[in-house]
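The values are calculated or read from the model by the stated rules, or taken from the named source; none is laboratory data. Just so it is clear, the structure is predicted and the values come from calculations on it, not from any experiment. We place every Cβ from the backbone using ideal geometry, glycine too, and count neighbours over all the protein chains shown. The accessibility values were calculated without ligands, DNA or RNA, using every heavy atom of the protein model including side chains. Shrake-Rupley method; radii C 1.70, N 1.55, O 1.52, S 1.80 Å.
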Amino acid sequence: MEKLTHIQGTIVAIPVNDIDTDQIIPARFLKVTDKEGLGKAAFCDWRYLDDGSTPNPDFILNDPAYGGASVLIAGNNFGCGSSREHAPWALIGAGFKAVISTEFADIFRNNALKNGLLPIIVDEETQQQLFSLAEEDPSTAVSVDVDAQRLTLPDGRQIQFPLDGFSKHCLLNGVDQLGYLLNLDNEVGAFEARNPQRVETTA
(Lines give C-alpha, C1' and ligand atoms only; values in the text may rest on other atoms or scores of the structure.)
Protein backbone atom coordinates (compact mmCIF):
# COMPACT_ATOMS: atom_id res chain seq x y z
CA MET A 1 0.00 0.00 0.00
CA GLU A 2 1.38 3.41 -0.94
CA LYS A 3 1.83 6.12 1.66
CA LEU A 4 -1.01 8.64 1.63
CA THR A 5 0.06 11.91 3.21
CA HIS A 6 -1.26 14.62 0.90
CA ILE A 7 -3.71 14.65 -1.98
CA GLN A 8 -3.80 17.43 -4.55
CA GLY A 9 -6.19 16.63 -7.35
CA THR A 10 -9.14 17.55 -9.49
CA ILE A 11 -12.63 16.46 -8.54
CA VAL A 12 -15.46 14.72 -10.34
CA ALA A 13 -19.01 14.51 -9.04
CA ILE A 14 -21.57 11.72 -9.08
CA PRO A 15 -24.43 13.40 -7.20
CA VAL A 16 -26.42 10.24 -6.59
CA ASN A 17 -27.54 9.10 -3.14
CA ASP A 18 -27.24 5.52 -1.89
CA ILE A 19 -24.65 4.36 -4.40
CA ASP A 20 -24.17 0.76 -3.33
CA THR A 21 -21.22 -1.53 -3.83
CA ASP A 22 -22.94 -3.39 -6.68
CA GLN A 23 -23.07 -0.14 -8.61
CA ILE A 24 -19.44 0.58 -7.79
CA ILE A 25 -18.35 -2.90 -8.89
CA PRO A 26 -21.02 -5.34 -10.18
CA ALA A 27 -21.16 -8.82 -8.64
CA ARG A 28 -19.97 -10.56 -11.81
CA PHE A 29 -16.48 -9.14 -11.19
CA LEU A 30 -16.19 -10.63 -7.70
CA LYS A 31 -14.73 -13.90 -9.01
CA VAL A 32 -11.30 -12.29 -9.26
CA THR A 33 -8.88 -12.15 -6.36
CA ASP A 34 -6.40 -9.91 -8.18
CA LYS A 35 -6.91 -6.15 -8.09
CA GLU A 36 -5.27 -5.70 -11.48
CA GLY A 37 -7.65 -4.27 -14.07
CA LEU A 38 -10.58 -3.71 -11.69
CA GLY A 39 -10.40 0.04 -12.30
CA LYS A 40 -11.86 -0.49 -15.78
CA ALA A 41 -14.87 -2.17 -14.19
CA ALA A 42 -15.64 0.61 -11.72
CA PHE A 43 -19.25 1.76 -12.26
CA CYS A 44 -19.31 -0.65 -15.21
CA ASP A 45 -23.08 -0.72 -15.68
CA TRP A 46 -23.14 3.08 -15.79
CA ARG A 47 -19.96 3.54 -17.83
CA TYR A 48 -21.00 1.30 -20.71
CA LEU A 49 -24.10 0.83 -22.83
CA ASP A 50 -26.05 -2.43 -22.88
CA ASP A 51 -23.45 -4.19 -25.05
CA GLY A 52 -21.00 -3.87 -22.16
CA SER A 53 -18.18 -2.36 -24.22
CA THR A 54 -19.40 0.90 -25.77
CA PRO A 55 -18.77 3.85 -23.42
CA ASN A 56 -21.91 5.66 -22.33
CA PRO A 57 -21.38 9.26 -23.50
CA ASP A 58 -23.72 10.54 -20.79
CA PHE A 59 -21.72 9.15 -17.87
CA ILE A 60 -19.42 11.65 -16.23
CA LEU A 61 -16.36 9.40 -15.98
CA ASN A 62 -16.37 9.04 -19.76
CA ASP A 63 -16.06 12.81 -20.22
CA PRO A 64 -12.42 13.57 -21.20
CA ALA A 65 -12.68 16.87 -19.34
CA TYR A 66 -12.70 14.93 -16.07
CA GLY A 67 -9.95 12.51 -17.00
CA GLY A 68 -7.37 12.13 -14.28
CA ALA A 69 -9.66 13.23 -11.44
CA SER A 70 -8.42 11.72 -8.18
CA VAL A 71 -11.19 12.87 -5.82
CA LEU A 72 -14.78 11.67 -6.18
CA ILE A 73 -17.66 13.77 -4.79
CA ALA A 74 -20.60 11.45 -4.15
CA GLY A 75 -24.15 11.59 -2.84
CA ASN A 76 -25.23 10.60 0.65
CA ASN A 77 -24.76 7.09 2.08
CA PHE A 78 -21.99 6.09 -0.30
CA GLY A 79 -20.89 2.45 -0.38
CA CYS A 80 -23.98 0.86 1.12
CA GLY A 81 -24.96 -2.71 0.25
CA SER A 82 -22.66 -5.72 0.38
CA SER A 83 -19.31 -5.92 2.15
CA ARG A 84 -17.25 -6.58 -0.99
CA GLU A 85 -13.69 -5.30 -0.68
CA HIS A 86 -13.58 -5.14 -4.47
CA ALA A 87 -15.39 -1.78 -4.27
CA PRO A 88 -12.43 0.22 -2.94
CA TRP A 89 -10.11 -1.87 -5.12
CA ALA A 90 -12.03 -0.72 -8.20
CA LEU A 91 -12.08 2.92 -7.14
CA ILE A 92 -8.36 2.94 -6.45
CA GLY A 93 -7.77 1.19 -9.78
CA ALA A 94 -9.78 3.94 -11.46
CA GLY A 95 -7.36 6.51 -10.04
CA PHE A 96 -9.22 7.78 -7.01
CA LYS A 97 -7.37 8.56 -3.80
CA ALA A 98 -10.32 9.97 -1.85
CA VAL A 99 -14.11 9.96 -1.86
CA ILE A 100 -16.09 12.82 -0.32
CA SER A 101 -19.63 12.35 0.98
CA THR A 102 -21.83 13.30 3.89
CA GLU A 103 -22.03 9.67 5.00
CA PHE A 104 -20.40 6.32 4.26
CA ALA A 105 -21.59 2.80 4.96
CA ASP A 106 -19.45 1.49 7.83
CA ILE A 107 -18.15 -1.63 6.09
CA PHE A 108 -17.23 0.27 2.93
CA ARG A 109 -15.47 2.93 4.99
CA ASN A 110 -13.42 0.33 6.84
CA ASN A 111 -12.54 -1.51 3.63
CA ALA A 112 -11.52 1.76 1.99
CA LEU A 113 -9.20 2.74 4.82
CA LYS A 114 -7.60 -0.72 4.87
CA ASN A 115 -6.73 -0.34 1.18
CA GLY A 116 -5.49 3.24 1.08
CA LEU A 117 -8.63 5.02 -0.12
CA LEU A 118 -9.55 8.00 2.08
CA PRO A 119 -13.26 8.53 2.85
CA ILE A 120 -13.85 12.19 3.77
CA ILE A 121 -17.05 13.16 5.57
CA VAL A 122 -18.31 16.72 5.04
CA ASP A 123 -21.52 18.59 5.79
CA GLU A 124 -24.24 18.93 3.16
CA GLU A 125 -23.41 22.57 2.42
CA THR A 126 -19.83 21.67 1.52
CA GLN A 127 -21.01 18.69 -0.52
CA GLN A 128 -23.38 20.88 -2.56
CA GLN A 129 -20.67 23.49 -3.06
CA LEU A 130 -18.33 20.86 -4.48
CA PHE A 131 -21.06 19.48 -6.74
CA SER A 132 -21.54 22.95 -8.21
CA LEU A 133 -17.82 23.65 -8.59
CA ALA A 134 -17.16 20.32 -10.30
CA GLU A 135 -20.00 20.90 -12.77
CA GLU A 136 -18.93 24.45 -13.56
CA ASP A 137 -15.22 23.80 -13.99
CA PRO A 138 -13.67 20.35 -14.57
CA SER A 139 -10.28 21.74 -13.51
CA THR A 140 -11.53 22.41 -9.97
CA ALA A 141 -9.07 20.94 -7.49
CA VAL A 142 -8.94 20.37 -3.76
CA SER A 143 -6.11 19.47 -1.43
CA VAL A 144 -6.06 17.10 1.52
CA ASP A 145 -3.63 16.96 4.42
CA VAL A 146 -4.11 13.49 5.89
CA ASP A 147 -2.07 14.09 9.03
CA ALA A 148 -3.96 17.29 9.85
CA GLN A 149 -7.26 15.71 8.73
CA ARG A 150 -7.92 18.82 6.69
CA LEU A 151 -9.65 19.32 3.33
CA THR A 152 -8.91 22.64 1.62
CA LEU A 153 -11.48 23.90 -0.89
CA PRO A 154 -10.71 26.02 -3.96
CA ASP A 155 -11.80 29.18 -2.11
CA GLY A 156 -9.32 28.46 0.67
CA ARG A 157 -11.92 27.30 3.20
CA GLN A 158 -10.64 24.44 5.33
CA ILE A 159 -12.75 21.55 6.54
CA GLN A 160 -11.74 19.15 9.30
CA PHE A 161 -12.79 15.54 8.80
CA PRO A 162 -12.81 12.56 11.20
CA LEU A 163 -10.16 9.86 10.98
CA ASP A 164 -9.28 7.37 13.70
CA GLY A 165 -5.68 7.22 14.88
CA PHE A 166 -4.92 3.68 13.75
CA SER A 167 -6.20 4.27 10.20
CA LYS A 168 -4.26 7.54 10.02
CA HIS A 169 -1.06 5.76 11.08
CA CYS A 170 -1.54 3.08 8.43
CA LEU A 171 -2.27 5.61 5.66
CA LEU A 172 0.67 7.86 6.54
CA ASN A 173 3.06 4.91 6.68
CA GLY A 174 1.66 2.96 3.74
CA VAL A 175 0.90 -0.21 5.68
CA ASP A 176 -2.20 -2.35 5.95
CA GLN A 177 -3.23 -4.20 9.10
CA LEU A 178 -0.95 -7.14 8.35
CA GLY A 179 1.94 -4.84 7.56
CA TYR A 180 1.40 -3.06 10.86
CA LEU A 181 1.65 -6.36 12.74
CA LEU A 182 4.73 -7.46 10.80
CA ASN A 183 6.44 -4.19 11.71
CA LEU A 184 6.06 -5.22 15.36
CA ASP A 185 8.01 -8.43 14.86
CA ASN A 186 10.89 -7.31 17.12
CA GLU A 187 8.51 -6.32 19.90
CA VAL A 188 6.66 -9.62 19.61
CA GLY A 189 9.96 -11.51 19.78
CA ALA A 190 11.04 -9.57 22.84
CA PHE A 191 7.75 -10.32 24.56
CA GLU A 192 8.08 -14.02 23.82
CA ALA A 193 11.63 -14.00 25.20
CA ARG A 194 10.42 -12.41 28.43
CA ASN A 195 7.57 -14.87 28.76
CA PRO A 196 8.72 -18.49 28.44
CA GLN A 197 6.24 -20.93 27.01
CA ARG A 198 3.74 -22.06 29.57
CA VAL A 199 2.93 -25.77 29.77
CA GLU A 200 -0.70 -26.58 30.35
CA THR A 201 -1.39 -29.15 33.00
CA THR A 202 -4.46 -31.27 33.44
CA ALA A 203 -5.97 -32.26 36.76
When (1) touching a residue at least 12 places away in the same chain (Cβ under 8 Å); (2) open to solvent by less than 40 Å² (accessible area, probe 1.4 Å); (3) in contact with a Ser or Thr (Cβ under 7 Å, 6 or more places away or on another chain) are applied to A105, the one that fails is (3)
In this structure, does I121 turn out to be open to solvent by 10 Å² or more (accessible area, probe 1.4 Å), among the β-branched types (V, I, T) and closer than 15 Å to Q158 by Cα? yes
Condition set touching a Gly at 6+ places or on another chain (Cβ under 7 Å) and under 21 Å from Q8 (Cα atoms), scope the range 82-94, selection surrounded by the fewest Cβ atoms within 10 Å (Cβ to Cβ): answer is G93
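Confirm whether G79 is open to solvent by less than 10 Å² (accessible area, probe 1.4 Å) and either more than 17 Å from C170 (Cβ to Cβ) or at pLDDT 95 or above (or both).
yes
Per-residue answers, yes or no, for (1) assigned to a loop (DSSP other than H, G, I, E, B); (2) under 17 Å from the mean Cα position of the chain (by Cα):
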| site | (1), (2) |
| --- | --- |
| R28 | no, no |
| V32 | yes, no |
| K40 | no, yes |
| W46 | no, no |
| G52 | yes, no |
| D58 | yes, no |
| G68 | yes, yes |
Residues in the range 132-142 that are open to solvent by less than 30 Å² (accessible area, probe 1.4 Å) and among the polar types (S, T, N, Q) total 1
Counting only strands (runs of 3 or more DSSP E) wholly inside the range 84-157, the ones holding at least 1 residues that are more than 30 Å from R28 (Cβ to Cβ) and among the hydroxyl-bearing types (S, T, Y) are 141-145, 150-152
Here the qualifying pairs (Cβ atoms under 6 Å; residues six or more apart or on different chains; first in the range 16-35 and on the phi < 0 side of the Ramachandran plot; second assigned to a loop (DSSP other than H, G, I, E, B) and open to solvent by 60 Å² or more (accessible area, probe 1.4 Å)) come out as D20/G81; T21/G81; D22/G81
Selection from the range 158-189 of residues assigned to a loop (DSSP other than H, G, I, E, B), closer than 16 Å to I100 by Cβ and open to solvent by less than 40 Å² (accessible area, probe 1.4 Å) yields F161, L163
